[in-house]
Structure formats: C-alpha cells, structure tokens
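Nothing in this text is a laboratory measurement; each read-out follows from the coordinates by a stated rule. This structure is a prediction, so every number in the text was calculated from the model and none was measured. Using ideal geometry, Cβ is built from the backbone for each residue, glycine included, and neighbour counts are taken over all protein chains shown.
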Amino acid sequence: MSALAALAWVLLVTLPSHQATIADQIATIETRTAERDRERAAHQQTKREYVAAQLAAHELEEKRLARVAAEQETITDDVTQDYRARLAAARGTAERLRKQLAQVGAGAGGAAAAVGLPAPAVPPAELLRRPAIVDFVSTPASSHGG
C-alpha cells in the first residue's frame, strides 16, 4: 500500500503544487516581460524626444545666428555711413578753410585771420630769438639734463 500511497501523494499533492509553481513562474515571466517591454518603449520614447529637442535647438541656433549676423551687418552699415558722413563733413570743412586761406593770402597774420584765431601776443620769430627757450632738437640731450 505504500506504493499506492506514494502514487496518490504524487498525483494529488506534488503534481498540482508543481503545476501551481509552474503557473506562478509563467505569470512572473509574463509580468517581467511586460515590465521590460514598457521600459524599452519608455527608453525609445525618451530617445525620440531627445532627438526632437536636438533638432529644435539646432533650428533655434540657426535662427539666432542669422539674427545676430543681420544685426552685425546693420551696425556695420550704420558705422560706415556715419564715418562717410563725418569724412565728407571734414573734407568740406577743409576745402572751405583752403578757400578762406587762398582769399586772405599767405603769411602768419593771414592764416590767423583765416581760421578766426587772434594774432599771437609775441610773434613766433621773436620767441625763437629769446635765450630762455631751449632748442631741444638741435641741443644734445646731455646739455639739458636728459
């Protein structure tokens, strides 16, 4: 009877619990497989979003660079126009002064009158004859403390 009892034990207790264990393991495998598939899908979605963000950032950077280049071009044009206007004004002033000098005539007094400056209190030639003025160009550096 012990063989019959052992067979009954196997058929009634061991096999059903073994089958239950297998069913539990299959359920666990299915659960883990579903979790893995969700993680894979989430990872793929993250990668797609990252690529989309990179493309958007690249487009924004291209737009920013185009805007900065246009601003720099505008600034350069403004500076160039201002420079040309100032240069034209300076040329006009120089030409006007040349004409005034030509009308007044040559000479120190004429030049002073042409630019609207007062005549010097002491003529330049007189200043050069005074002994207090040192001629640094023709005097050696050792003779005036240098």
Chain lengthening between Ala88 and Glu61 when straightened (0.36 nm per residue, less Cα-Cα): 5.7 nm
Using only Cα atoms, figure out Rg for the stretch 12-73 and give it as a multiple of 2.2 N^0.38 Å. 2.53
Can you tell me the dipole magnitude for the stretch 12-73 around its Cα centre, using point charges on the Cβ only (Lys, Arg +1; Asp, Glu -1), in Debye to the nearest 20? 140 debye
